[in-house]
Amino acid sequence: MARESRKRKLVNLNPELPPEIIFSHILPRLPPKDLMMQCRCVCKSWSSLICSPSFVADFWNDRNKSTTNFLFQKQNRFFSSKIEEKEQQGGGNNNNNRVLIPTPVAELSYLSRCEALRLYRYDRVQSVHGLVCASSSYGGPVFILNPTTRESIQLPHVKHNALVAYNFGFSPLTNEYKVLQINFRNSDFQFNAFTLGQDSSWRPLQVDPAAGNVDLPFKIWAVVISPVCINGAIHWIDKSEKKIVVFDVGEESFSVVPLSEDCAQDFVDYDDNFPRIVEVGGCVAVYLGNR
């Protein structure tokens, strides 16, 4: 009897943690590999939640507040690195006491050894929430890969006789990942979209330039170089028109953000450098290669 009473006391001293504590405060703190490879094997409910687009988006958005991740490509080899922002000991919460700590560049062996990527000349790699979209402007198939789980899918391949660009994005409003395909031939643009987990083929988009004040066609290299998905919209620069073209992933619509006069003048002064868009603290930033 005494032994049974002791067991009951031990059980009472270790109650189960509420699910909201586990899902909101514990799991998001784990490394991505442990989360995806181990925790999602606990039970079906855990796997369903961990793999849900909303959890994945919140997970990476929280990490990106203090960490900037980089993905590099050299021919058929892929590398990653990151810069972490940390507080100096005894420095308090003052921003002046925070330091940036870079990590060594490490090769992503899974991507480098991926047979599908080695067969084609992939010149464009984009990453959103840990997922990688690999595409080629030379007409090869498009792959969405997860380096953490080593899973991948191939999007429906459509043969075409035009220049093509692919842009990868996520909408926090609809919790959907989408790929925007832009075909360009003889000053004529065609737009198609593919929603991961829903579509089985590419959907043609009817774009109304007047609705978003978008002067189409813009230059094809504007959508090929350095597109970035920020806050549910894909951004790229049309240097010739000195503006930022925006594609809302959820609404599947275009709009334009005019550049400031100072920024536009820099394009003229440094014409040999192509401007690029980057994300800084959840905001859109533009930089020139020699500035």
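Odds and ends about this structure:
- Extreme residue, modelled with the highest pLDDT, among residues of region 52-85 that are exposed (fewer than 13 other Cβ atoms within 10 Å of the Cβ) and of a type outside the set (S, T, N, Q): Lys74
- Each residue in region 156-180 was checked for being touching a Pro at 6+ places or on another chain (Cβ under 7 Å) and either not assigned by TED's automatic domain parsing to the domain that holds Ser253 or not in a strand (DSSP E or B) (or both), and 2 pass.
- If the condition is being over 12 Å from Trp202 (Cβ atoms) and at pLDDT 90 or above, then region 155-172 contributes Asn167, Phe168, Gly169, Phe170, Ser171.
- Just one of the numbered conditions (1) at pLDDT 70 or above; (2) assigned to a helix (DSSP H, G or I); (3) in contact with a Ser or Thr (Cβ under 6 Å, 6 or more places away or on another chain) is not true of Lys33: (1).
The values are calculated or read from the model by the stated rules, or taken from the named source; none is laboratory data. All of these numbers come straight from a predicted model, not from anything done at the bench. Glycine also receives a Cβ, built like all others from the backbone with ideal geometry; neighbour counts cover every protein chain displayed.
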